[in-house]
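Below is one structure, written out as structure tokens; comments come after it.
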Amino acid sequence: MLKGKKILLCVTGSIASYKSVLLVRLLVKNGAEVQVIMTDAAKDFIAPLTFSTLSQNNVLSELSNEEGWANHVMLGRWANVILIAPASCNTIARIAHGFCDNLLQAVYLSATVPVFVAPAMDEDMWLHPATRQNIETLKKNGNKIINVNKGELASGLTGEGRMAEPEEILKELETFFSAASDLKGKVALVTAGPTYEAIDPVRFIGNHSSGKMGIAIAKELQSRGANVRLILGPTNLDVPSGVDSVKVTSADEMYDATFNNFATVDIIVMAAAVADFKPEKIADQKIKKGPRQTLSIKLAKTRDILARAGELKSKKQILVGFALETEKGNDNALAKLSAKNADLIVLNSLEDEGAGFGHDTNKISVFAREGKVVHFEKKSKQEVAADIVDIIINLKK
Ligand code: CTP
């Protein structure tokens, strides 16, 4: 399963680093190519020679030495995944806050590949609010945290905080690499962000959508192997690397970009907050205030992209719509599912705290045909994206 996979294993100062010796053996035995980075503190526990012998690669530690400079940017790109195991409390805190004072942190900050973090520490440190926050930050930044185990700890106490066993870490990587090909060869189209409907050359009607949810979905679909086309309304957020994007402003532009080559798409996820109405006429010049006390602008309906996609879609295409509701969420979501001929409707209700526009978290329910519904807890938008993509993949099976 790991044949030909390149794994950059970063070892930090923890007694659990003895397990990483076994882990390197296991990874190499399963066909992976392993490059080890050690922090100075890690060398107090294990000699670099142990790792270099098992990985058949020189161990790297220094950002620079007399012979030159370790290319941290290229290391982060060489790998298919970065695995920090064991990740000490200190390293977790430093990477969560963007510190860059050793090779590991420089590689982490310049990494463009998925990062797995296998924490190891005593229970009190693990449960401390500062560590909890750091772990949440890493999750929010898209890192995958490998669950710690309960058991005997270095302090002699028993509790939570033991690094996962080498076999468990191997399994996690195998699951990741197999999921990475779930949507191989599939084309996915995602709409995201708000639309701006011009009133005159300087004003528009818009909404508070940030585009975060749709961008997280695009990133997730790509990480499962799909070729992703992102149709993105106005936002300051960056497009994930490798995702093909078309930037649009208005609902009309989003409509045209969506139906360009629509038949070639396998999965359509409409996360955009498209304006339902636009000014009937766009004034040629800036509208002057003048002596009037009120101003009426006549609005005309925009074309409903999701509804049109529902009309056009073939049996093989999967169509996912969103519903943002302030009341009667379940009823409205179900009504949208059939009215728009979608396969799934993702409901985020503005009645729930931490859900909807601008937040880094979301709380969703997913409605499918035949009355099936799954309710999820509040999670980071990247985790929500993973839940949605899991459901899409299960629909395809
Ligand atoms: N949508 C769309 N084109 C539009 C309006 C909405 O594609 N012109 C899509 C959104 O991207 C979302 C879904 O329709 O996936 C639902 O959007 P929402 O605003 O919640 O619902 P509407 O259909 O606009 O209905 P209402 O505003 O009455 O709730």
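Note on the stretch 149-238: no enclosed strands (runs of 3 or more DSSP E) hold 2 or more residues that are under 21 Å from V81 (Cβ atoms), in contact with a Leu (Cβ under 9 Å, 6 or more places away or on another chain) and among the small types (G, A, S).
Annotation note: Cβ proximity below 7 Å between a residue of the stretch 344-366 that is without any contact (Cβ under 8 Å) to a residue 24 or more places away in the chain and a residue that is within 12 Å of the ligand (Cβ to nearest atom) (sequence gap 6+ or interchain) occurs for A355/N348; A355/S349; K363/N348.
Taking the conditions (1) over 20 Å from V384 (Cβ atoms); (2) crowded, with 20+ Cβ neighbours inside 10 Å in turn, R203 satisfies each one other than (2).
Take the conditions farther than 30 Å from L295 by Cα, touching a residue at least 12 places away in the same chain (Cβ under 8 Å) and not small (G, A, S) and apply them to E152. Does it pass? No, not satisfied. Here A257 fulfils each of the conditions (1) part of a strand (DSSP E or B); (2) closer than 22 Å to S210 by Cβ apart from (1). In the stretch 316-342, the residues that are of a type in the set (D, E) form Cβ pairs under 8 Å with partners that are more than 8 Å from the ligand (Cβ to nearest atom) and assigned to a loop (DSSP other than H, G, I, E, B), at six or more places apart or across chains, as follows: E325/L350; E325/E351; E327/E351. A search for C-beta distances below 8 Å between a residue of the stretch 51-64 that is on the phi < 0 side of the Ramachandran plot and any residue that is of a type in the set (S, T, Y), counting only pairs 6+ apart in sequence or on different chains, returns F51/S20; N58/S52; V59/S52; S61/T39. Looking at A273, A218, A251, just one residue is closer than 22 Å to V113 by Cα and buried (at least 16 other Cβ atoms within 10 Å of the Cβ), and that residue is A218. Note on the stretch 1-31: residues that are without any contact (Cβ under 8 Å) to a residue 40 or more places away in the chain and either on the phi > 0 side of the Ramachandran plot or not charged (D, E, K, R) (or both) amount to 6.
Among the residues of the stretch 266-314, those that are within 14 Å of the ligand (Cβ to nearest atom), in contact (Cβ under 8 Å) with a residue 40 or more places away in the chain, assigned to a loop (DSSP other than H, G, I, E, B) and not aliphatic (A, V, I, L, M) comprise T302, R303, K313. Residues of the stretch 222-242 that are farther than 17 Å from P114 by Cα and touching a residue at least 24 places away in the same chain (Cβ under 8 Å): N227, V228, R229, L230, I231, L232, G233, P234, T235, L237. Evaluating G321 against the criteria (1) near the ligand (Cβ under 10 Å from one of its atoms); (2) part of a loop (DSSP other than H, G, I, E, B) leaves one unmet condition, (2). Look at V190 and say whether it is closer than 24 Å to V265 by Cα, of a type in the set (A, V, I, L, M) and under 17 Å from the mean Cα position of the chain (by Cα). Against the criterion (closer than 24 Å to V265 by Cα, of a type in the set (A, V, I, L, M) and under 17 Å from the mean Cα position of the chain (by Cα)), V190 qualifies.
Which ones in the stretch 33-48 are assigned to a loop (DSSP other than H, G, I, E, B) and within 19 Å of C100 (Cα to Cα)?
Across the stretch 33-48, the qualifying residues are T39, D40.
Just give me the residues in the stretch 324-357 being assigned to a loop (DSSP other than H, G, I, E, B) and farther than 22 Å from I215 by Cα, in sequence order.
Of all residues in the stretch 324-357, those assigned to a loop (DSSP other than H, G, I, E, B) come to 326-328, 340-343, 350-357.
Once the filter is applied, which keeps residues that are assigned to a loop (DSSP other than H, G, I, E, B) and farther than 22 Å from I215 by Cα, the stretch 324-357 yields T326, E327, K328, K340, N341, E351.
Residues that are farther than 17 Å from I267 by Cα, assigned to a strand (DSSP E or B) and more than 15 Å from the chain's Cα centre (by Cα) within the stretch 361-397 comprise I364, S365, V373, V374, H375, listed in sequence order.
Could you run through the stretch 115-141 and say how many residues are over 21 Å from E160 (Cα atoms) and crowded, with 17+ Cβ neighbours inside 10 Å? Of the residues in that region, 1 qualify. If only residues of the stretch 324-383 that are at positive phi and within 13 Å of the ligand (Cβ to nearest atom) are counted, the one that is modelled with the lowest pLDDT is G356.
Per this entry, V246 is not counted among residues that are β-branched (V, I, T) and either in a loop (DSSP other than H, G, I, E, B) or within 13 Å of the ligand (Cβ to nearest atom) (or both).
The values are calculated or read from the model by the stated rules, or taken from the named source; none is laboratory data. All figures in this text were calculated on a predicted structure; none of them were measured in a lab. Every residue, glycine as well, gets a Cβ built from its backbone with ideal geometry; the counts of neighbours run over all protein chains shown.
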